[in-house]
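So the structure is just underneath, and the comments pick up after that.
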Amino acid sequence: MTTPPPSPSSSTTDEPDNLDESPTAAPVEPDNVDNRRKRRLIIGGVAAAAVLLVVAACGAAVVGVVRIADAADAGGRVAGACEALEVRLNRLAPPGSTSGPRERAVAIRNENEAIRPFLDELRGDDDDDRLARRWTELVNARTTYADALDRQARNGAPAFFVAPDRGGVQRLAGRHHDCAASIRRLSAPDL
């Protein structure tokens, strides 16, 4: 059986009876709109945080590369300074080859003067400043020994060399492989 057609109403047949309702879209509730906004804000915040992390990682990588390049440059600079130090030391008579305490004190002071340009080369970089302090401690211990040798020459009081820190001298040799021979020579002025 067939259903009769709807009865005509006061409106035209092309217009729906209820203008507020759309047959394809569900009514929009205010809670759904707020939830969508919150989701968009959260997604935007996460995206901004991700961008910041990428920028920070790139910045850290650039800083790391610059530090490595500076260290390589400083290593080359220190290697050249070590070679120049060894040349200067080889031109001097070692303290152990002298005939008496006064001559040994002079030889030690001459070697200490040969170290000064090397120390000037090390100063300026924070890492090298720590090493320069260790070198300076070694020079100061040698100066103290030279002064003790002068006293020995005057009144016969025995002089002994006391290295500032044997581990520090070993760290110097480990850090400056090119200076290892010079460090061995300078850390034993009593030989």
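The values are calculated or read from the model by the stated rules, or taken from the named source; none is laboratory data. If you're wondering where the values come from, they're calculated on a predicted model, not measured in any experiment. Positions of Cβ are generated from backbone atoms using ideal geometry, with glycine treated the same way; all protein chains shown enter the neighbour counts. Just the protein is used for accessible areas: all its heavy atoms, side chains included, with ligands, DNA and RNA removed. Shrake-Rupley method; radii C 1.70, N 1.55, O 1.52, S 1.80 Å.
Applying the condition of being at pLDDT 90 or above and touching a Lys or Arg at 6+ places or on another chain (Cβ under 9 Å) to segment 155-168 and asking which residue is surrounded by the fewest Cβ atoms within 10 Å (Cβ to Cβ) yields Ala157. If you go through segment 179-188 and keep only what is buried (at least 17 other Cβ atoms within 10 Å of the Cβ) and among the charged types (D, E, K, R), you end up with just Arg185. Among the residues that make up segment 66-82, is at least one of them β-branched (Val, Ile, Thr), surrounded by 10 or more Cβ atoms within 10 Å (Cβ to Cβ), assigned to a loop (DSSP other than H, G, I, E, B) and modelled with pLDDT of 75 or more? No.
In the condition set (1) open to solvent by 30 Å² or more (accessible area, probe 1.4 Å); (2) modelled with pLDDT of 80 or more, Leu89 is compliant with all but (1). Being more than 14 Å from Ala81 (Cβ to Cβ), open to solvent by 30 Å² or more (accessible area, probe 1.4 Å) and out of contact with any Pro (no Cβ under 8 Å at 6 or more places or on another chain) holds for only one residue in Arg116, Arg123, Arg104, Arg171, and it is Arg171.
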